[in-house]
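Below is one structure; the comments refer to it alone.
The values are calculated or read from the model by the stated rules, or taken from the named source; none is laboratory data. Small disclaimer: the values here were computed from a predicted structure and weren't measured. Neighbour counts are summed over all protein chains in view; Cβ atoms, including those assigned to glycine, are modelled from backbone coordinates with ideal geometry.
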Amino acid sequence: MRRLILSLLLLAAAPLHAAPADADTLARIGAQIEQHAVVRAEFTQSKQMAALKRPLVTTGRLVFSRRHGVLWQIEQPYRITYVLGEERIVEIAADGTRRERGLRDVPGMAQVGRVFRALLGANTAALGETFTVVVRGDSGKWEIDLKPRQAQLAQFLSGLYLSGGRFVESIRIDENGGAGEAGQQGSKDSTQIRLRNAQSAEAPNADELQLFGGVAGKP
Amino acid sequence: MKRLHILLFPLLLALGACGEGDGEAPCAPLIGGGSYCLQPTTALAPFDVQQKVEATFRGRRETMIAEIESDAEGMRFVGLTPFGQKLLQVAYDNRAASAATLPDRRISPALLIALLQIALWPADAVRAGLEEPLTLDENAGRRRILNRGEATISIDYRGAQPPYRGLRIAVPAADLELEIETLEALDTIAADGKES
């Protein structure tokens, strides 16, 4: 997974590689998503692993702030909040204990934060030329399929699938059975994130700002 | 994530990882001497469980979610971050222990399976797996692995039967404590592929 995320991040800032019609639609989708300074939503994340019968399911709420980062508040199966910022990650336990870490201390988590921010913001520029892009629908209801062009990335990632309308509503990450980090055989796992009841706002509220508190936002 | 890897790696080496690869003989050397040989998964009724694991190793604490499945075919154990990033994945098919994901390939998958069995398997099965000079002492919600009378692994249980409501596992020689709480797993959402 870490290599997968690393591979995804290598794509950042690369020009989009899509057919002209798809590129136009993508640009409209990106512009539509980007207009929200803050988005709040409920999420359900399901990770289905090939090795196990039962998936790992977590539910909670997220706040995506273009300026501050992502609040990922897991409520079930147990309460824990992550504040994913540009400079640091903060983990807040159910008892309020706050643990702050620099990105260099938790690079894996930092990568997750960057990918989440790119996906939740539909940052099309950061979804790079290594993917072939297929877009269906229009800016009112759309689906984007991202398939890796490079064999190296395709070893780990089968595809990324986003869908939504005004907001991103679903993200699916299909992994491939490439070699694991220590040379072991990987597995074809799949992660699905569903976002519901999304609402936009001009700015985080006071509680959210307090949670974002220790995390430096963009000026 | 790296920090969790940094925690897990010396932790598992300290516990006695033996460095064998996939398909190794299903015995694992434990810290403080002696070995445990893996027992058949038929020793316990099939179960699957998700647990929150708080590991404190040399004063540092990290949390992960563990998923364990055991049935007549074998057992599977996956450790994940709350985000769903896989940290480790090992399996035992009643012949050999193997790993699909590990923080470091020098860590023995048999050791991880051994620790699970020592904690969860019936006392008689654990005794059958312990090699001399290790013995098992079980008394009123507490299980201890003894090496010539000295406790090398202590397990305190909350709840009546596997997989238990909670466990506290202490390995003093490794300065390791695991506080484990069984979670109520959520139902899956429909994995219906692409949204339509």
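Look through B:ASP124, B:ASP137 and report the one residue that is under 17 Å from B:LEU44 (Cα atoms) and more than 17 Å from the chain's Cα centre (by Cα).
Going through B:ASP124, B:ASP137 in turn, just one is under 17 Å from B:LEU44 (Cα atoms) and more than 17 Å from the chain's Cα centre (by Cα): B:ASP124.
Is it true that some residue in region B:53-63 is at pLDDT 95 or above, within 22 Å of B:ALA160 (Cα to Cα) and either under 14 Å from the mean Cα position of the chain (by Cα) or within 14 Å of chain A (Cβ to nearest Cβ) (or both)?
Scanning region B:53-63, I find no residue that is at pLDDT 95 or above, within 22 Å of B:ALA160 (Cα to Cα) and either under 14 Å from the mean Cα position of the chain (by Cα) or within 14 Å of chain A (Cβ to nearest Cβ) (or both), so the answer is no.
Of the conditions (1) within 17 Å of B:ALA99 (Cβ to Cβ); (2) at pLDDT 50 or above; (3) in a loop (DSSP other than H, G, I, E, B), B:GLY32 clears all except one; give me its number.
Of everything listed in (1) within 17 Å of B:ALA99 (Cβ to Cβ); (2) at pLDDT 50 or above; (3) in a loop (DSSP other than H, G, I, E, B), B:GLY32 misses just condition (1).
Could you grab me the full set of residues in region B:67-77 that are touching a strand residue (DSSP E or B) at 6+ places or on another chain (Cβ under 7 Å) and either surrounded by fewer than 23 Cβ atoms within 10 Å (Cβ to Cβ) or within 10 Å of chain A (Cβ to nearest Cβ) (or both)?
Correct list: B:GLU67, B:ILE68, B:GLU69, B:GLY74, B:ARG76, B:PHE77.
With the requirement that a residue be over 24 Å from A:PRO55 (Cα atoms), within 15 Å of the chain's Cα centre (by Cα) and more than 12 Å from chain A (Cβ to nearest Cβ), what does region B:78-109 give you?
B:SER108
How do the pairs read when you match residues in region A:127-139 that are at pLDDT 75 or above with residues anywhere that are surrounded by 15 or more Cβ atoms within 10 Å (Cβ to Cβ) and among the polar types (S, T, N, Q), using Cβ under 6 Å and keeping only pairs 6 or more apart or on different chains?
A:VAL135/A:THR25; A:SER139/A:GLN32
Quick check on region B:102-121. Is at least one of its residues surrounded by 22 or more Cβ atoms within 10 Å (Cβ to Cβ) and free of Cβ contacts under 8 Å to residues at least 40 places away in the same chain?
The answer is yes, given that some residue of region B:102-121 is surrounded by 22 or more Cβ atoms within 10 Å (Cβ to Cβ) and free of Cβ contacts under 8 Å to residues at least 40 places away in the same chain.
Residues of region B:117-143 being assigned to a helix (DSSP H, G or I) and under 10 Å from B:LEU38 (Cα atoms), which ones?
Listed by number, the residues that qualify are B:GLN117, B:ILE118, B:ALA125, B:VAL126, B:ALA128, B:GLY129.
Within region A:50-97, which strands (runs of 3 or more DSSP E) (wholly inside it) include 2 or more residues that are away from every other protein chain (no Cβ under 11 Å), surrounded by 15 or more Cβ atoms within 10 Å (Cβ to Cβ) and touching a Pro at 6+ places or on another chain (Cβ under 8 Å)?
Correct list: A:56-65.
Could you figure out which of (1) without any contact (Cβ under 8 Å) to a residue 40 or more places away in the chain; (2) under 30 Å from A:THR132 (Cα atoms); (3) within 16 Å of the chain's Cα centre (by Cα) isn't true of A:THR59?
Going through the list (1) without any contact (Cβ under 8 Å) to a residue 40 or more places away in the chain; (2) under 30 Å from A:THR132 (Cα atoms); (3) within 16 Å of the chain's Cα centre (by Cα), A:THR59 breaks only (2).
Kindly check whether there is at least one residue in region B:7-18 that is at pLDDT 90 or above, more than 30 Å from A:ARG98 (Cα to Cα) and crowded, with 21+ Cβ neighbours inside 10 Å.
Within region B:7-18, not a single residue is at pLDDT 90 or above, more than 30 Å from A:ARG98 (Cα to Cα) and crowded, with 21+ Cβ neighbours inside 10 Å.
Being basic (Lys, Arg) and out of contact with any Leu (no Cβ under 7 Å at 6 or more places or on another chain), is that true of even one residue in region B:147-155?
yes
Give the residues of region B:157-174 that are away from chain A (no Cβ under 14 Å) and surrounded by 14 or more Cβ atoms within 10 Å (Cβ to Cβ), sorted by residue number.
Matches in region B:157-174: B:TYR157, B:PRO162, B:TYR164, B:LEU167, B:ARG168, B:ILE169, B:ALA170, B:VAL171, B:PRO172, B:ALA173, B:ALA174.
So which residues in region B:145-170 are modelled with pLDDT under 90 and under 16 Å from the mean Cα position of the chain (by Cα), if there are any at all?
B:PRO162, B:PRO163
Please work out which residue is surrounded by the most Cβ atoms within 10 Å (Cβ to Cβ), limiting yourself to region A:33-47 and to residues that are in contact with a Lys or Arg (Cβ under 6 Å, 6 or more places away or on another chain) and within 20 Å of B:PRO82 (Cα to Cα).
A:THR44
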